[in-house]
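For reference, the structure discussed in these notes is given below.
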Amino acid sequence: MTIITDPSTTTTHAVRARGLRKTYGSGEASVPALQGIDLDFPAGQFTAIMGPSGSGKSTLMHCLAGLDTTDAGTIHIGDTELTGLNDKLLTKLRRDRIGFVFQAFNLVPTLSAEANIKLPVALSGGTLDPEWYEFITTTLGLTGRLGHKPHELSGGQQQRVAVARALLTRPDVVFADEPTGNLDSRSGAEVLGMLRRSSREMGQSIIMVTHDPVAASYADRVVLIADGELVGSLEAPTVDSVLAALAKLGA
């Protein structure tokens, strides 16, 4: 395990965070969730965030994605500072430049897979790139399922639809929150493989929160959080190296 001391500023980064602090509650009931985190996420890299329960990893992701606010610090998505944006601009940034993949899929049950994938473009009033749409749906193995509604798809297929939806707008970054939490091991491996391909073959930047060492082993890098602080990282993680690092943290 390598201790992070000074994140590089010479590489192009999809997301940068400096001095992030977040506390829930007040007075004696206050709970510090983030305690001065500095962290960079290089563009085109697949990064997993891990740590013990209550470590702050989910809070960190929610703040990075603009789903929650920080008490102090700055966050940049590309060259745009997210912290301080008003609600309208923050909503536009999340819609146009951030993709999301959630544990519960979050598909619209009355829409077909095709309509679910195209939903971000429809909501923004943008123009669909048909070649890109065909590329991602073919790469994700969805061409024979586009007319099906979510209840007609397996869990793995639903999550692949969610991944395709997240990629459609070519976002600066895709945030994945426990994306295999509701999947069996085979379906989970398929989705993780697709996320890895999205990074390596499409150049997509991906930040994933997970508690699963197997899921983390698909990433290029694992960053480790404990008690709201950044405590280390693993390059080219394996299941064994992730388990060993978590054991040192008491996870």
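Is it true that some residue in segment 181-197 is over 19 Å from E134 (Cα atoms), within 18 Å of the chain's Cα centre (by Cα) and buried (at least 23 other Cβ atoms within 10 Å of the Cβ)?
Checked against the condition, which is being over 19 Å from E134 (Cα atoms), within 18 Å of the chain's Cα centre (by Cα) and buried (at least 23 other Cβ atoms within 10 Å of the Cβ), segment 181-197 yields at least one hit.
Which condition number does L85 fail, the rest of (1) part of a loop (DSSP other than H, G, I, E, B); (2) surrounded by 14 or more Cβ atoms within 10 Å (Cβ to Cβ); (3) under 18 Å from the mean Cα position of the chain (by Cα) being met?
Failed condition: (3).
Answer yes if at least one residue in segment 139-146 is modelled with pLDDT under 90 and of a type outside the set (G, A, S), and no otherwise.
Yes: segment 139-146 contains one or more residues that are modelled with pLDDT under 90 and of a type outside the set (G, A, S).
Here are P120, P109, P32: which of them is in contact with an Asp or Glu (Cβ under 9 Å, 6 or more places away or on another chain) and either closer than 30 Å to G147 by Cα or in a loop (DSSP other than H, G, I, E, B) (or both)? Please lay out each step first, then the result.
Details: P109 fails: in contact with an Asp or Glu (Cβ under 9 Å, 6 or more places away or on another chain); P32 fails: either closer than 30 Å to G147 by Cα or in a loop (DSSP other than H, G, I, E, B) (or both).
None of the others qualify; the one that does is P120.
Which number in (1) at negative phi; (2) within 19 Å of the chain's Cα centre (by Cα) marks the one condition that G144 misses?
(2)
Every residue in segment 193-234 that is out of contact with any Leu (no Cβ under 8 Å at 6 or more places or on another chain), in contact (Cβ under 8 Å) with a residue 40 or more places away in the chain and assigned to a loop (DSSP other than H, G, I, E, B), please.
G203, S205, T210, H211, A219, D220, D227
Just a yes or no: is a residue in segment 38-54 free of Cβ contacts under 8 Å to residues at least 60 places away in the same chain and either buried (at least 16 other Cβ atoms within 10 Å of the Cβ) or basic (K, R) (or both)?
Looking through segment 38-54, at least one residue is free of Cβ contacts under 8 Å to residues at least 60 places away in the same chain and either buried (at least 16 other Cβ atoms within 10 Å of the Cβ) or basic (K, R) (or both).
It is to be established whether one or more residues within segment 200-215 are surrounded by 20 or more Cβ atoms within 10 Å (Cβ to Cβ), touching a Gly at 6+ places or on another chain (Cβ under 9 Å) and more than 24 Å from L60 (Cα to Cα).
No: segment 200-215 contains no residue that is surrounded by 20 or more Cβ atoms within 10 Å (Cβ to Cβ), touching a Gly at 6+ places or on another chain (Cβ under 9 Å) and more than 24 Å from L60 (Cα to Cα).
Are any of the residues in segment 152-174 closer than 23 Å to I77 by Cβ and surrounded by fewer than 20 Cβ atoms within 10 Å (Cβ to Cβ)?
Yes, because at least one residue in segment 152-174 is closer than 23 Å to I77 by Cβ and surrounded by fewer than 20 Cβ atoms within 10 Å (Cβ to Cβ).
The values are calculated or read from the model by the stated rules, or taken from the named source; none is laboratory data. All of these numbers come straight from a predicted model, not from anything done at the bench. Here Cβ is always computed from backbone atoms with ideal geometry, including for glycine, and neighbour counts include all displayed protein chains.
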